[in-house]
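The values are calculated or read from the model by the stated rules, or taken from the named source; none is laboratory data. If you're wondering where the values come from, they're calculated on a predicted model, not measured in any experiment. Because the Cβ atoms are built from the backbone with ideal geometry, glycine has one as well, and the counts that use them run over all protein chains shown. We work out accessible area using only protein heavy atoms, side chains counted, and drop any ligands, DNA or RNA first. Shrake-Rupley method; radii C 1.70, N 1.55, O 1.52, S 1.80 Å.
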Amino acid sequence: MPVPLVGVLTSFAAGAVLLQTCATLPAWPGTSLAVALLVAAGFARARKATALSQTWRWLPVCLLAMSVGYFHAAWRANLRMADALPTAWEGVDIQLTGVIDDLPAASAYGVRFALAVESAATPGAVVPRRLSLAWNGSWPGRAVSDMPIPVPVVHAGERWQFTVRLKRPHGNVNPGGFDLEAWLLQQNLRATGAVREAPSNGRIDAFAGRWRDHLQRTRERLRTRILDALHDAPYAGIVVALAIGDQRAISESQWTVLNRTGIGHLVSISGLHVTVFASFVGAMVFMLARRCVWLTSRWPARRPAAVVGLIAASGYVALAGAEVPALRTLAMLAVAAGGIFSGRMGSAAIVWLWALVAVLLWDPWASLTPGFWLSFGAVGMLLYAADGRLARAVPPSRAARWWATLREGAHAQWVVTLGLTPLTLMLFAQMSLIAPVANAVAIPVVTIGVVPLALLGIFLPIDLLFVGAHSVLALLMQWLEMLARLPDAAWQQHAPPLWSVLAGLVGIALLLAPRGVPGRAWGWVWLLPLFLARPPSLPEGAFRLTALDVGQGLA
């Protein structure tokens, strides 16, 4: 593995992540970057003058890469934060025109959607370019009727005129609660608000025609097809999530089952699903290309297979909403396809690092999401556990090959479960104890059974395929619900302090290291602080009162 490239890529990623931990942004990212360049140049001159070792010679370059990552994230953050709602326009009725920019989420009381603002008719109004709006039904007389007046149906890609009342992004501040402000920032929703009752509200165009509108309208049609085909089936929301990445129809009780059994990662369009889909398409193209003499006389068959597989994966990721796990896999596939064309494949770790940098370039706020750490962490642990091992000989018999495959799958599941323990406890203050057993069954069932049927249903006008996918999923969920009811299905505790998480990662590195590494047998000792280091207790006679913020002006 080329050490300089590893250091440069790692430093860039570290700089981009470091920016997200800062309370304030650098005032002048451009000036700061210029200073960082001068500092790096000074280090480079000192390197030549003092003849440092080979490793230290690359320190200035790594510092420069970290500075570039930090200030790239700062530059993007400054641009996004500048697109803000002035306080003078909070709570004021504003008339504006925009396009429904995402899948609308309908409920019994209205609909919520993202709006890409095109213009504001209110004189002097300043509004962000993208808003999160709720259009709730009016209540003409709650004492007489408990049923709201339904709002008009809105669809992705439509152009509307609304009168809205906006407020700056704000979320409840509770210990361990969901950080709504960070999520709104990552989704580029720079203000929230509600549609007001006004005679001017109305649809202007049925379809705006932007490239994003075509994609979102396709996703909405597919969601409607799936829900219509499954009617009131209990797990229709999970089938929708596996097909197009929209998880909003999954109930809280189903999320509880998925989290207690440790298979929540399968509900998203995970890297495994994207890889299987791209590999299947690439294999089909490879089989056809190798039989075409005209093509193989100009390029090896694996080149067009890699290109078509990458294009198919890109379409699947776009259709699924481009979440972090899918983007990570797409970036890794793109690097691998580039290696096939250039004839320089590189190591799996280099592909992983390039994918990490690509995701942070595209979305510097990705590190704010748990999916970023779990997705890259799981793949990183698998790569680390496989590094430096000798390849086993292929077993001679079919039964032995099946047994070797099962053994490797069980080992991979053990690596991921153990390796993600520190991060899981830090992010969720709990971990599933039955995840290895649940994943051993759920991964092949979802990957080989549910997802292929759902994907075929997308491309073929046969709604019965969605019914088949739901039937397979229903059998799996019944088994998972039984596991989730076990009293010791999940371990819950306090969130460990950061220093114990770092110590736990050291212990994981030792436990997953090859045999013969000094201290490997004592790696478990480094994990003990995760469970034993508790928050400081209160002195005798003192008490702590936590008032939960419910967003209704408790003060």
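Some observations on this one:
- Against the test of being in a helix (DSSP H, G or I), closer than 19 Å to ALA320 by Cβ and at pLDDT 90 or above, the options LEU227, LEU215 yield a single qualifying residue, LEU227.
- Residues located in the stretch 506-531, provided they are in contact with a Pro (Cβ under 9 Å, 6 or more places away or on another chain) and either open to solvent by 60 Å² or more (accessible area, probe 1.4 Å) or of a type in the set (D, E, K, R) (or both): ARG520, PHE531
- Those residues of the stretch 296-309 which are in contact (Cβ under 8 Å) with a residue 24 or more places away in the chain and crowded, with 17+ Cβ neighbours inside 10 Å, in sequence order: ARG302, ARG303, ALA306, VAL308, GLY309
- In the stretch 361-383, of all residues being of a type in the set (A, V, I, L, M) and within 22 Å of VAL68 (Cα to Cα), the one that is modelled with the highest pLDDT corresponds to LEU361.
- If you go through the stretch 314-337 and keep only what is surrounded by fewer than 24 Cβ atoms within 10 Å (Cβ to Cβ) and small (Gly, Ala, Ser), you end up with SER314, GLY315, ALA318, ALA320, GLY321, ALA322, ALA331, ALA334, ALA336, ALA337.
- Of the residues making up the stretch 384-411, those that are at positive phi and modelled with pLDDT of 75 or more number 0.
- Residue in the stretch 163-170 that is open to solvent by less than 40 Å² (accessible area, probe 1.4 Å) and not in a strand (DSSP E or B) present: yes
- Any hit, the stretch 408-420, residues being within 30 Å of LEU368 (Cα to Cα), surrounded by 15 or more Cβ atoms within 10 Å (Cβ to Cβ) and among the aromatic types (Phe, Trp, Tyr): no
- Within the stretch 273-295, being free of Cβ contacts under 8 Å to residues at least 24 places away in the same chain and open to solvent by 60 Å² or more (accessible area, probe 1.4 Å) holds for PHE280, MET284, PHE286, MET287, LEU288, ARG290, ARG291, VAL293, TRP294.
- One residue from LEU528, LEU510, LEU505 being touching a residue at least 40 places away in the same chain (Cβ under 8 Å) and among the aliphatic types (A, V, I, L, M): LEU505
- Residues satisfying the stated conditions in the stretch 519-555, i.e. touching a Leu at 6+ places or on another chain (Cβ under 9 Å) and assigned to a loop (DSSP other than H, G, I, E, B): GLY519, ARG544, ALA547, LEU548, LEU554
- Residue, farthest from PRO86 (Cα to Cα), within the stretch 192-246, restricted to residues that are open to solvent by 30 Å² or more (accessible area, probe 1.4 Å) and of a type in the set (Val, Ile, Thr): THR224
- Filter pass, ALA318 being closer than 23 Å to LEU184 by Cβ and in contact with a helix residue (DSSP H, G or I) (Cβ under 9 Å, 6 or more places away or on another chain): yes
- Filtering the stretch 247-272 to residues that are open to solvent by 70 Å² or more (accessible area, probe 1.4 Å) and not in a helix (DSSP H, G or I) leaves only ARG248.
- Wholly within the stretch 78-121, strands (runs of 3 or more DSSP E) carrying at least 2 residues that are hydroxyl-bearing (Ser, Thr, Tyr): none
- Within the stretch 522-549, considering residues that are of a type in the set (A, V, I, L, M) and closer than 30 Å to HIS170 by Cα, the one nearest to the chain's Cα centre (by Cα): LEU548
- Criterion applied to VAL257, VAL239 was being within 30 Å of THR417 (Cβ to Cβ), touching an Asp or Glu at 6+ places or on another chain (Cβ under 6 Å) and in contact (Cβ under 8 Å) with a residue 12 or more places away in the chain, and the one residue passing it is VAL257.
- Residues being surrounded by fewer than 21 Cβ atoms within 10 Å (Cβ to Cβ) and polar (S, T, N, Q) - total across the stretch 338-377: 3
- The criterion of being at pLDDT 85 or above, buried (at least 18 other Cβ atoms within 10 Å of the Cβ) and either over 21 Å from ALA378 (Cβ atoms) or in contact with a Pro (Cβ under 8 Å, 6 or more places away or on another chain) (or both) does not hold for ILE462.
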